[in-house]
1. Of all residues in segment 208-224 being farther than 12 Å from residue 191 by Cα and surrounded by fewer than 16 Cβ atoms within 10 Å (Cβ to Cβ), which is farthest from the chain's Cα centre (by Cα)?
2. Would you mind listing the strands (runs of 3 or more DSSP E) fully within segment 9-113 where at least 3 residues are in contact with a strand residue (DSSP E or B) (Cβ under 7 Å, 6 or more places away or on another chain) and surrounded by 19 or more Cβ atoms within 10 Å (Cβ to Cβ)?
3. Does residue 205 qualify as being over 16 Å from residue 180 (Cα atoms), surrounded by 13 or more Cβ atoms within 10 Å (Cβ to Cβ) and out of contact with any strand residue (DSSP E or B) (no Cβ under 9 Å at 6 or more places or on another chain)?
4. Mind telling me which of the residues 249, 198 ends up being at pLDDT below 95 and under 22 Å from residue 14 (Cα atoms)?
5. If the requirement is being closer than 22 Å to residue 98 by Cβ and either at pLDDT 95 or above or assigned to a helix (DSSP H, G or I) (or both), which of these qualifies: 203, 183?
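The values are calculated or read from the model by the stated rules, or taken from the named source; none is laboratory data. The model shown is predicted, which means the values in this text are computed figures rather than measured ones. With ideal geometry, Cβ positions are generated from the backbone for all residues, glycine too; neighbour counts draw on all protein chains shown.
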């Protein structure tokens, strides 16, 4: 990692486990001052302990419900005040509800919109003035569900993640004049706690693996390592694009 982010301030949402925890560890190891948040108190504090045990710099705030706009804005302002700057915003946190479209409750649709799309809008809009000061990087986590519609009854999830990719392009266009880069990452099936009930089922696991060209499921570190590159100056000519990391699932 060679201190690729030395001295940078990185806000990462959803650091209580999974991809967010991996990102916090990778970014801190690369020299960033990480400021994380999560609704999960114990998980977030465990992440902080893991980062600090390896000499990384991290501040966590918990519980923070980013689907609440007041709470989301308060978190960004508190985070920005710690170092009076934001260099990287990593929108990782999300939560969705799934179900057959015909019978999907409106409450489940609204929940998914709030927790996968609205919170990205709110956090990014609040961080925007800070990112403009020096030119910063926005990394938004989308999904292969945005483009291939696979994976079962998940219309709301498909819609939010498709919107994330489009939103990212819009942010890149508007932010270019300020030196802001914006990119999205579309993971495939990643072995994280929320997916455990599915990937631990041998039949479902084999169904995923049968489509993968790389015969394993993704790990949180696969996403974090790519995000680290995109956040660094080595990716200084990359903006407005969506990086698919899925072991070849969509290609097949």
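1. This residue is 210.
2. Numbers: elements: 9-13, 33-37, 57-61, 88-91.
Because the criterion is at least 3 residues that are in contact with a strand residue (DSSP E or B) (Cβ under 7 Å, 6 or more places away or on another chain) and surrounded by 19 or more Cβ atoms within 10 Å (Cβ to Cβ), the strands (runs of 3 or more DSSP E) in segment 9-113 that meet it are 9-13, 33-37, 88-91.
3. Yes.
4. Details: 249 fails: under 22 Å from residue 14 (Cα atoms).
Checking each option against the conditions leaves just 198.
5. Values: 183 fails: closer than 22 Å to residue 98 by Cβ.
Answer to the selection: 203.
Okay, residues lined up against (1) touching a residue at least 40 places away in the same chain (Cβ under 8 Å); (2) out of contact with any strand residue (DSSP E or B) (no Cβ under 6 Å at 6 or more places or on another chain):
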| site | (1), (2) |
| --- | --- |
| 184 | yes, no |
| 187 | yes, no |
| 191 | no, yes |
| 195 | no, yes |
| 199 | no, yes |
| 210 | no, yes |
| 214 | no, yes |
| 217 | no, yes |
| 225 | yes, yes |
